[in-house]
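J.: Have a look at this one.
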Amino acid sequence: MNGRDVDVVVIGAGQAGLSAGYFLGRSGFAPETGYVLLDGGAGPGGAWRDRWPTLRMSAVHGVHDLPGRPLGDVDPDRPAAEVVAGYFAAYEREFGLPVHRPVNVTAVHDRDDGRLDVHTDAGRWRTRALVNATGTWRRPFWPYYPGQESFAGRQLHTADYRGPAEFAGRRVVVVGGGTSALQLLDEVATVAAETRWVTRRPPVILDGEYTPEWGRAAVARVDARVRAGLPPASVVAATGLVWTEQLRRMRARGLLHRLPMFARITPDGVVWPDGSSFAADVILWCTGFRAVLDHLAPLKLRGPGGGIVMDGTRVVADDRVHLIGYGPSASTIGANRAGRSAVREIRQLLDRASTPAGTPR
């Protein structure tokens, strides 16, 4: 295929991508010729399709409504993957979003004519602007510890977790201090022979509840990092943890006895700096994710700080490129706002490029 021409390519059709698609349609971009969404999933739902089946809506911190169509009341006992995938599918249909899937973007290159070449396993698109909304789920972060390759048991990441049943009778080390680590520790402990919870830093769990002010302060901290060209920090580093009924129950069961990180891994377990050890069958790495941005590497967007310098959603080094679901827009509510902002700036950019020199604007 020689390639297809379009004004805007959106990479990803999760919360951030669908939000961008909605606002592109509302801003006058026509489906297929004005904009397309390229999604690597087998069906609607974004990363939610791959959440573990035992994650119920009652344990989800909130799926913010997509613009123009509220999620509405849902059964708290239904699997989150099922609920959100159904919601996203209905959203795509209602607003006629031009989603192409499964399409995996392999690289984005600059062109001599000012456009971008988006290379995929389904052909090539030429575009005047790009919205990257690929999230993080496909890039789980695995830290390295000495001896890790020698472990005779099983190692898996949050992204691989499918439920507690496979841990029955096992001795499990859960690594990580975020919400997912605590949720999985809670589930695994109901069937495991024994568990240990380890984190790099002592977790701080605060009284109170997440408020808009708390959220805005967290977003501001992340925004300051990406404006400085630093990689975004983890979600828990920005928002912290608060006491929930689940955490109180875990404390009552003795599950919140946190240990510092072990120093090394042996074939049959882990060893701490003081020589103490734990014989383990499984190490469950709940150590977060990194932004899926490798396909943008040909554009050379990263700065000396290791991150991409951002001004809102716009990449400072290339104003044709916007990142949403990245940095301060990584939350579901942040993704919606970022979609609106990105589309507004793209509309202005393309309008300026289409206006002949000397024409009043």
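The values are calculated or read from the model by the stated rules, or taken from the named source; none is laboratory data. The shown structure was predicted, so the numbers you read here are calculated from the model rather than taken from an experiment. Positions of Cβ are generated from backbone atoms using ideal geometry, with glycine treated the same way; all protein chains shown enter the neighbour counts. For the accessible areas, the whole protein counts, side chains as well, though only heavy atoms, and no ligand, DNA or RNA atoms are used. Shrake-Rupley method; radii C 1.70, N 1.55, O 1.52, S 1.80 Å.
J.: Exactly one condition in (1) assigned to a loop (DSSP other than H, G, I, E, B); (2) open to solvent by 40 Å² or more (accessible area, probe 1.4 Å) is not met by SER58; state its number.
T.: (1)
J.: Another question, if that's okay. Sort out which residues of the range 116-150 are in a loop (DSSP other than H, G, I, E, B) and buried (at least 19 other Cβ atoms within 10 Å of the Cβ), and write them in order of number.
T.: Quick first cut of the range 116-150, residues in a loop (DSSP other than H, G, I, E, B) only: 121-122, 133-139, 141-147.
Result: ALA133, THR134, GLY135, THR136.
J.: What are the residues in the range 184-221 that are at pLDDT 95 or above and assigned to a helix (DSSP H, G or I), if any?
T.: LEU184, LEU185, ASP186, GLU187, VAL188
J.: Which of the residues that make up the range 262-314 are open to solvent by less than 20 Å² (accessible area, probe 1.4 Å), modelled with pLDDT under 95 and in a strand (DSSP E or B)?
T.: Selection gives ILE308, MET310.
J.: Something else about it: Please state which of the following conditions ALA317 fails to meet, knowing it meets all the rest: (1) small (Gly, Ala, Ser); (2) free of Cβ contacts under 8 Å to residues at least 40 places away in the same chain; (3) open to solvent by less than 70 Å² (accessible area, probe 1.4 Å).
T.: (3)
J.: Next question. Name the residues in the range 42-79 that are at negative phi and in contact with a Phe, Trp or Tyr (Cβ under 6 Å, 6 or more places away or on another chain), would you?
T.: So in the range 42-79, the residues at negative phi come out as 42-44, 47-61, 63-67, 69-71, 73-79.
Result: PRO44, ALA47, TRP52, LEU66, PRO67, ARG69, LEU71.
J.: Would you call ALA233 outside any helix (DSSP H, G or I) and at pLDDT below 95? Walk me through it before giving the result.
T.: Values: outside any helix (DSSP H, G or I): yes; at pLDDT below 95: yes.
Judged against the criteria, ALA233 is a match.
J.: Could you tell me how many of the residues in the range 320-338 are open to solvent by 20 Å² or more (accessible area, probe 1.4 Å), at pLDDT below 95 and not in a loop (DSSP other than H, G, I, E, B)?
T.: 4
J.: Can you tell me how many residues in the range 339-350 are open to solvent by 20 Å² or more (accessible area, probe 1.4 Å), at pLDDT 95 or above and not polar (S, T, N, Q)?
T.: Initially, the range 339-350 is screened for residues open to solvent by 20 Å² or more (accessible area, probe 1.4 Å), giving 340-341, 344-345, 347-349.
Okay, now just the ones that are also at pLDDT 95 or above, so 344-345, 347-349.
Checking which are not polar (S, T, N, Q) leaves us with 344-345, 347, 349.
The qualifying residues number 4.
J.: Restricted to the range 10-27, and to residues that are of a type in the set (Gly, Ala, Ser) and within 14 Å of GLY96 (Cβ to Cβ), which residue is most open to solvent (accessible area, probe 1.4 Å)?
T.: Initially, the range 10-27 is screened for residues of a type in the set (Gly, Ala, Ser), giving 12-14, 16-17, 19-21, 25, 27.
Next, from what is left, pick out any that are within 14 Å of GLY96 (Cβ to Cβ): 13, 21, 25.
Values: ALA13: 1, GLY21: 0, GLY25: 28 Å².
Taking the candidates together, the pick is GLY25.
J.: Residues being within 24 Å of VAL292 (Cα to Cα) and in contact with a helix residue (DSSP H, G or I) (Cβ under 7 Å, 6 or more places away or on another chain): count how many of those fall in the range 68-90.
T.: Result for the range 68-90: 5.
J.: How many residues does the range 40-49 contain that are under 26 Å from GLU245 (Cα atoms) and surrounded by fewer than 16 Cβ atoms within 10 Å (Cβ to Cβ)?
T.: 0
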